[in-house]
């Protein structure tokens, strides 16, 4: 970072927001030699409603950051299972396993790595954004070389830097709760209801995380479970370990995520609906890219390459939200995936970035469209001829 250090003052990089994305950026920058300060008005560990499943690609990104998540931190899962009434479809990951881990535990592991790499962590410390690029840390001026906004959907940093808020393409509402019960499936299960989805993620040998997402802000976890009697029956023998926690999930697209000495990361820089399960993974990949770009003193590169990180998750979110909005399409799609598990496996590879969407469209697209056009077969309940 020699070219940058001549301009640095009290800290090379100042990160506003100490969630997973902000900490990941701080760790990646420390790995490249920058001095980094992270400030957050809250005290850790910071919790947030989410599905708590880390896909294999997200675990690889964490490994690159020096954060080693194992089954001892939560529970392995080997793939994804869709459940739509009596129709089920399952696909295993092409390589590796995912891990379900409580959000607070993941946050603590990131804090540990940030501390060990020498990040200056300032908790319970509000940041004030002033004119002319000045910021106040606990009421005192803070000098910095670069400023990173990792302060979420409503990002004050984004507004302060003069970056447009972008377009919100979708907005939905989620709730999460933990239950003490032995996981009954080696997969993350996505149960499709009439108005939303419920995600079941194993997060321990005797614990599952239930997360629900719906378009209606008043659809609480119990509302979605009422639409899924089989899942509610599964949970009947379990003990609720906490109260439900809610959050909003959006698909947001920004034209620019950097300006001058300021860059955005995580939800502040755009997002994909939580139906993809890639929220944290996108933040980790952005952190690795941002560290490369700041080392090269090239924030314009981060601005130009950042959209590619969101493109696939946002595309997959659009596809899955079409299934959410159409009962007929959903039934046909999941029936197709159940009948043709190889198609599901290829789609999962696309989702994880190990196969291109273009290749899938060329090799399987026509078959998928043809199958979706055919009404799903109904069971024959007619009486045999006399």
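For the subset of the stretch 136-155 comprising residues that are surrounded by fewer than 21 Cβ atoms within 10 Å (Cβ to Cβ) and touching a helix residue (DSSP H, G or I) at 6+ places or on another chain (Cβ under 9 Å), which member is farthest from residue 271 (Cα to Cα)? For the stretch 136-155, the residue satisfying everything is 154. Among the residues of the stretch 68-101, those identified as assigned to a loop (DSSP other than H, G, I, E, B) and crowded, with 20+ Cβ neighbours inside 10 Å are 74, 93, 101. For the stretch 301-323, indicate whether the set of residues that are in contact with a strand residue (DSSP E or B) (Cβ under 6 Å, 6 or more places away or on another chain) and over 23 Å from residue 92 (Cα atoms) is non-empty. Yes: one or more hits. The residue list 263, 287, 268, 300 contains one member that is in contact (Cβ under 8 Å) with a residue 60 or more places away in the chain, assigned to a helix (DSSP H, G or I), in the same structural domain as residue 28 (by TED's automatic domain parsing) and over 26 Å from residue 215 (Cα atoms), which is 287. Scanning the stretch 232-245 for residues that are in contact with a helix residue (DSSP H, G or I) (Cβ under 9 Å, 6 or more places away or on another chain), surrounded by fewer than 18 Cβ atoms within 10 Å (Cβ to Cβ) and in contact (Cβ under 8 Å) with a residue 24 or more places away in the chain yields a single hit, 244.
Based on what the data block shows, is residue 224 buried (at least 17 other Cβ atoms within 10 Å of the Cβ), without any contact (Cβ under 8 Å) to a residue 60 or more places away in the chain and not in a helix (DSSP H, G or I)? Spelling it out, it is not the case that residue 224 is buried (at least 17 other Cβ atoms within 10 Å of the Cβ), without any contact (Cβ under 8 Å) to a residue 60 or more places away in the chain and not in a helix (DSSP H, G or I).
Among all residues of the stretch 247-255, there is none that is surrounded by 24 or more Cβ atoms within 10 Å (Cβ to Cβ), farther than 22 Å from residue 323 by Cβ and touching a residue at least 24 places away in the same chain (Cβ under 8 Å).
The strands (runs of 3 or more DSSP E) located wholly in the stretch 165-216 that include 3 or more residues which are surrounded by fewer than 18 Cβ atoms within 10 Å (Cβ to Cβ) occupy 167-180.
Of all the numbered requirements in (1) under 26 Å from residue 323 (Cα atoms); (2) not in a strand (DSSP E or B), residue 29 misses one, and that requirement is (1).
Is it true that some residue in the stretch 252-274 is over 18 Å from the mean Cα position of the chain (by Cα) and on the phi > 0 side of the Ramachandran plot? Yes: the stretch 252-274 contains one or more residues that are over 18 Å from the mean Cα position of the chain (by Cα) and on the phi > 0 side of the Ramachandran plot. When the test is whether a residue is over 20 Å from the mean Cα position of the chain (by Cα) and not in a strand (DSSP E or B), residue 22 does not pass it.
Every residue, every condition in (1) surrounded by fewer than 20 Cβ atoms within 10 Å (Cβ to Cβ); (2) more than 30 Å from residue 197 (Cβ to Cβ), yes or no:
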{"position": "13", "(1), (2)": "no, yes"}
{"position": "37", "(1), (2)": "no, yes"}
{"position": "58", "(1), (2)": "no, no"}
{"position": "64", "(1), (2)": "yes, yes"}
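Out of curiosity, is residue 294 in the same structural domain as residue 30 (by TED's automatic domain parsing), surrounded by fewer than 23 Cβ atoms within 10 Å (Cβ to Cβ), in a helix (DSSP H, G or I) and touching a residue at least 40 places away in the same chain (Cβ under 8 Å)? No: the conditions fail for residue 294. Restricting attention to the stretch 130-159, the residues that are in contact (Cβ under 8 Å) with a residue 60 or more places away in the chain and either more than 15 Å from residue 41 (Cα to Cα) or not in a helix (DSSP H, G or I) (or both) total 17.
Considering 74, 100, 17, the condition of being within 19 Å of the chain's Cα centre (by Cα), within 21 Å of residue 153 (Cβ to Cβ) and touching a residue at least 12 places away in the same chain (Cβ under 8 Å) is satisfied by 17 alone.
The values are calculated or read from the model by the stated rules, or taken from the named source; none is laboratory data. Computed from a prediction, not measured in an experiment: that's the story for all the values here. Positions of Cβ are backbone-derived with ideal geometry, glycine not excepted, and every protein chain shown enters the neighbour counts.
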